[in-house]
Each structure stands twice: as structure tokens, then as C-alpha cells.
Amino acid sequence: MGLNEKPLSTLHEKASYDLDDFEVPVGREEAWRFTPLSRLRGLHDGKAEVTGQVLTQAYTPAGVSAEWVGREDSRIGRAYVPADRVSAQAYNAFEKALVVTVPKEAVLTEPVRVEVRGGGIDGASYGHIVVVVEPLAEAIVVLEHQGSAVYASNVEFLVGDGATLRVVSLQDWQDDAVHVSHHHAQLAKDATFRSFVVTLGGDLVRLSPSVSYTGPGGDADLAGVYFVDAGQHLEHRLLVDHSTPNCKSNVDYRGALQGEGAHAVWIGDVIIRVEAEGTDTYELNRNLILTDGARADSVPNLEILTGEVAGAGHASTSGRLDDEHIFYLQARGIPFDEARRLVIRGFLGQLIEKIQIEEIRDRVMSAVEAELAR
């Protein structure tokens, strides 16, 4: 397929399956100006040799299928068209795709688990995952990334009519990992999508969740937490493309940063197209900068092309701990270090409590506690 342009909007105008439609980024492009290209290890310019060791395994409850298919399978690329060069590189370089299917009207009592484990940073790996939730089904999917890798991938979520999909994506890489990925959810009529992203590990992680709608009544909620340590670059770039009437979306991402060279980037793009009357949307990003030398870039964008919306707004804040909160706790006999931990735990914990799987929720809270103890 050739180049697909969306001239009605100034955001995300280009999409194509063809790698040649994307020029090699140099860092001056709007989509790449925050990303340190020299740390991508060749994922962006084709110099990365496809010799990496990444193992992807799926664990599914009864009735759910997981199959490895060739790139000619019609389910691949059905929901998502690559929107930048690394995404297109991943689309053209993977050998087999993992397709998980939740059958019609199935209500899962156990989560589907997909584990991606890297065996080192010598050479790059590329992957593709498709999750199909058929009409009126309900499912939870956990994507877990661990180990060391130079890894780029695309993940497609196809949520059928009246279906509900909850996704937890955990980026818990080793300190040397590089991970660039697009997660795209396509929502049919009256579909519900809940995404929770947790990014803790890695040298450079750039994750791009996006949502589109094919019928009215779609409802998407995108939440995420991240903790950035010295020298880490953690980047989240979100896009919600409202092109269908009477759909909803809500975005809430929160991060904490500490250490010299800790860098968080959050880009939130929402497009409400001419035909998307009755849209209700809001996006929020908040960052706590805990030490000198850390930096947070937060850019919310809202593009409205119709005058008939139910609600639309965005907000972004980045700052230090509130002295009044710390003083309040210290005045009640709580030492400074413990007061600091309590405030940060509460700031991130408001979102972490939304994770419905107790095991994952407890694990994330423990990881945050470990970060605060450094």
C-alpha cells in the first residue's frame, strides 16, 4: 500500500506500510526533536542488524487462541498503518506475527499474558502482535517486557462491537535496553478500551499508544505511570483520532523523575474531525521533578475541526514537590524522607490503583518503592 495522507489535520498527516515513504530522521522533525537518535542503535536508519535475541511467548486461558502467522495473514495491518520510519521498519522486518483471538461473547476470568524477553543488545529485533477481541467479549491482556534488547514493534488491538478490552503494558527492561513501539487500538461500535502503561526500565523507551474509532459509542481510557532515573530517556507519544460521532476518550499520565540527565517526554495529541460530532475528550499529564538535573517535556495538543462537541480539554503540569504537603506531614511527626515517599506514592498510586490485576498492581507499587529508596 502507498502513502496515506490526512489533509484535514495538521497532526500525524503521514501513514504508510512502505519504508521508503519515510525519510531517515535527523532530529529536527517535530516527531523526533525530543528523541536522542544516537541512542536508538540504528533502529531509525536501517543500520541495526537483525541479529537480536528476543523471545515472545503467549499464555492464554481456555478458549483463547494464540497463533504465529506469516505476514500475508489478512489480520496483520488491518487496524494500524505505520506512522513513522521506525514503525515502518518494524512492520517490514518481522518474520512471524503473534495473533491472539478472544472469541465472540467470551468473558475471560483470567488474563492473557504475552511476555517479551530480550537476551542482549547485540543486534536488533522486530515484532508484531495482533489482539482480536470479537463482539461482546471481555478480556484483559498483560504485555510484559523484560531483559536486554534493541527492539521495535507494532501492536494492534481490534475491539469488536460491544466488546471490552483492558490492557496492561509493563516496560521493565534492564538499564541498557532500547525499545520503540506503537500500540494502536481500533474500537468498533460501543466498544470499550482501557489501557494502562507502566514504564520503569530501559536506557531509551519510546512508546506511542493510539486510538481510532470505526463506530459510535466507543470509549477509550489511556492511563500511564513512569519513573525516570539518571540518564534514562522515557518517551510517551499518544494520539486519539476522533473520526466518528459520539465517542469518548480520557488520557491521564503521571511521572516522577530523579537524577542527572533523567528525561521524560509526553506528547498528547487529540484530533476531533469534522464528522466526529458529540465527542467527549480530556487529556492530562503531570510530572514530579524530584532532583536537579532532571527534565520533563510535556506537550498537549488538541485539534478541533467541528463546533459540535460534548466536551474537550487538556492540561499539563511539571514541577517540584509541594512544600505545603511535606510540611503538613512533618508537622505530624513524620520525618522528611518518609513524608517525601508518602507524597510521591500518593501521586502515582492514584493511577496505579486502577490496575485490576492485584499481582501486577502490587508489583508496580513495589517497583516504585524501590525507586524511591535509591
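The values are calculated or read from the model by the stated rules, or taken from the named source; none is laboratory data. Fair warning: this is a prediction, and the values are worked out from it, not measured in the lab. Reconstructed Cβ throughout: ideal geometry from the backbone, glycine too, with neighbour counts over all protein chains shown. Side chains included, ligands, DNA and RNA excluded: accessible areas come from the protein's heavy atoms. Shrake-Rupley method; radii C 1.70, N 1.55, O 1.52, S 1.80 Å.
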Among 357, 267, 129, residue whose mean-square fluctuation peaks in a GNM of the chain (springs only between Cα atoms under 10 Å): 357
Quick check on packing: order 177-183, 191-197, 346-352 by the mean number of other C-beta atoms within 10 Å, highest mean leading. 177-183, 191-197, 346-352
For the pair residue 174 and residue 78, how long in nm is the line joining their label points, each one 7 Å along Cα→Cβ? 3.7 nm
Descending Cα extents along the principal axes, the stretch 147-218, whole Å: 43, 16, 12
Keeping all protein chains in position, work out how much accessible area residue 32 exposes to a 1.4 Å probe, and write it in Å² to the nearest 10. 10 Å²
Can you run phi through the Karplus equation (6.51, -1.76, 1.60; θ = phi - 60°) for the stretch 344-351 and list ³J(HN,Hα) in whole Hz, with x for Gly and Pro? 5, 4, x, 4, 7, x, 4, 8
Provide 295, 166, 28, 75 ordered by accessible surface of protein heavy atoms (probe 1.4 Å), highest first. 28, 295, 166, 75
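Tell me the volume per residue, in Å³, of the convex hull enclosing the alpha carbons of the stretch 43-186.
Working: hull volume 13.6 nm³, N = 144.
In the stretch 43-186, the Cα convex hull volume per residue is 95 Å³.
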Describe numerically, in nm with one decimal, the distance between label points set 7 Å from Cα along Cα→Cβ at residue 96 and at residue 69. 1.4 nm
The farthest towards the positive end of the charge dipole of the stretch 146-231, of the residues 198, 174, 160, given +1 on Cβ of Lys and Arg and -1 on Cβ of Asp and Glu, is 160
Would you calculate the separation in nanometres between label points at residue 250 and residue 230, each defined as 7 Å from the Cα along the Cα-to-beta-carbon direction? 3.9 nm
Please give the length that would be gained between residue 47 and residue 146 if that part of the chain were fully extended, namely 0.36 nm times their separation in residues minus their C-alpha to C-alpha distance (nm, one decimal). 33.3 nm
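Just the number, please: percent antiparallel of the DSSP beta bridges in the chain, rounded to the nearest 5. Walk me through the numbers before you get to the answer.
On the way: 13 of 137 bridges.
Once the DSSP bridges in the chain are tallied, antiparallel ones form about 10 percent.
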Potential extension, residue 317-residue 55 segment - 0.36 nm per residue separation minus Cα distance: 90.5 nm
How many percent of the alpha carbon pairs in the stretch 195-305 exceed a separation of 26 Å? 25 percent
State the Cα centre-to-centre distance between the stretch 87-133 and the stretch 230-259 in whole Å. 21 Å
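Can you tell me the mean projection area, over all orientations, of the convex hull of the chain's alpha carbons? Units nm², please.
Numbers: hull surface 72.5 nm².
Average projection, Cα convex hull of the chain: 18.1 nm².
Per residue, how much accessible area does the stretch 165-225 have with a 1.4 Å probe, in Å²?
Numbers: 1270 Å² over 61 residues.
Dividing the accessible area of the stretch 165-225 by its residue count gives 21 Å².
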Computed accessible area, residue 272, all protein chains, 1.4 angstrom probe, square angstrom: 0 Å²
Once neighbouring chains are kept in place and the probe is 1.4 Å, which whole percent of the accessible area of the stretch 123-193 is contributed by carbon and sulfur? 42 percent
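Which whole-number percentage describes the relative contact order of the stretch 136-234, with Cα contacts under 8 Å and a sequence gap of 6 or more? Working shown, then result.
Values: 273 pairs, mean separation 26.8, N = 99.
Computed over the stretch 136-234, the figure is 27 percent.
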At R0 = 41 Å the Cβ-Cβ FRET efficiency linking residue 26 and residue 332, nearest 0.05, sits at 0.15
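Can you classify the stretch 24-114 as rounded, prolate or oblate using the Cα gyration tensor, where a ≥ b ≥ c are the square roots of its eigenvalues, rounded means a/c under 1.5, and otherwise it's prolate if a/b beats b/c and oblate if not? It would help to have the intermediate numbers written out before the result.
Values: a/c = 2.34, a/b = 2.16, b/c = 1.08.
Here the stretch 24-114 falls in the prolate category.
Could you compute how fast the stretch 179-252 diffuses translationally, taking Rh as the Kirkwood radius over C-alpha pairs and applying Stokes-Einstein at 25 °C with viscosity 0.890 mPa s? Give it in µm² per second.
Calculated translational D: 188 µm²/s.
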Could you work out the relative contact order of the chain, using alpha carbon pairs under 8 angstrom and six or more residues apart, expressed as a whole percent? 10 percent
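In whole Å and largest first, what semi-axes does the C-alpha gyration tensor of the stretch 256-374 yield when each eigenvalue is scaled by 5 and square-rooted?
Values: eigenvalues 224, 59, 44 Å².
After scaling each eigenvalue by five and taking roots: 33, 17, 15 Å.
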